[in-house]
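*Asks:* Below you will find the structure I want to go over with you.
The values are calculated or read from the model by the stated rules, or taken from the named source; none is laboratory data. The structure presented is a predicted model; accordingly, all values stated were derived computationally and were not measured. Virtual Cβ from ideal backbone geometry, glycine too; neighbours counted across all protein chains shown.
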Amino acid sequence: MPSPPILGFAAYSGTGKTSLLTKLIPILKQRGLRVGVIKHSHHDFEIDYPGKDSYQLRLAGASPVMIVSPYRRALITEFSPQRQIGLREQLAAFPVDELDLILIEGFRHEKFAKIELHRPGLGKDLLYPHDGSIIAIASDRLLDTPEHLPCLDLNHPDAIADFIFHHFFEPQT
């Protein structure tokens with residue numbers, strides 16, 4: 001079975017990547033897609049906490065620790081020592097068998113199809129001139145972009161979903 005398409009959302013922090021994805025994912029699901037997400041974080045994070053069995057097991061030195069219930073599964077793997085993470089390694093560990101599309105938040109310096117999110121009011125430079133893997137820009141203002149690079153309305157996730165369907169799931173003529 002071929003791997004599902006991978007589409008990233010690249011932007012500077014504070015541009016609204018997670019906000020857009022939380023609106024976009026239900027639209028994609030309503031259209032019949034099974035969607036998975038990999039989110040890159042620059043910060044340390046905990047998904048379990050003191051007092052929970054999984055936390056105690058991890059603190060005792062177990063890695064990985066998998067927590068399973070009839071509702072969900074979580075796999076916690078410690079990286080010791082700390083290391084750079086790459087998207088390819090994360091995709092290899094990601095369960096893709098029941099997915100139609102994988103959305104990536106972050107990993108903007110790696111090469112894979114991405115939609116750039118841009119808000120001119122934030123005063124940040126556009127990423128696309130330095131990243132040939134950007135396939136569209138979603139902005140809260142109309143931008144003068146090259147002809148091959150569609151400018152999508154960041155405030156209309158339905159239009160962004162239409163672009164995704166056209167780009168990845170409709171036969172190209």
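*Asks:* Search region 48-62 for residues that are assigned by TED's automatic domain parsing to the domain that holds ALA74 and pair each with any residue that is of a type outside the set (Asp, Glu) and assigned to a helix (DSSP H, G or I) when their beta-carbon atoms are under 6 Å apart and the residues are at least 6 apart or on different chains.
*Replies:* The qualifying pairs are ASP48/SER54; ASP48/TYR55; TYR49/TYR55.
Okay, residues lined up against (1) among the basic types (Lys, Arg); (2) closer than 19 Å to THR22 by Cα; (3) under 15 Å from the mean Cα position of the chain (by Cα):
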position	(1), (2), (3)
GLU110	no, no, yes
ALA113	no, no, yes
ARG119	yes, yes, no
LEU122	no, no, no
LEU127	no, no, no
PRO146	no, no, no
HIS156	no, yes, no
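*Asks:* Here's a follow-up. Restricting to region 120-170, count the residues that are closer than 22 Å to ARG34 by Cβ and assigned to a helix (DSSP H, G or I).
*Replies:* 12
*Asks:* Select, from ASP97, ASP153, ASP125, the only residue that is more than 23 Å from PRO5 (Cβ to Cβ) and assigned by TED's automatic domain parsing to the domain that holds TYR12.
*Replies:* Numbers: ASP97 fails: more than 23 Å from PRO5 (Cβ to Cβ); ASP153 fails: more than 23 Å from PRO5 (Cβ to Cβ).
Testing whether each residue is more than 23 Å from PRO5 (Cβ to Cβ) and assigned by TED's automatic domain parsing to the domain that holds TYR12 leaves just ASP125.
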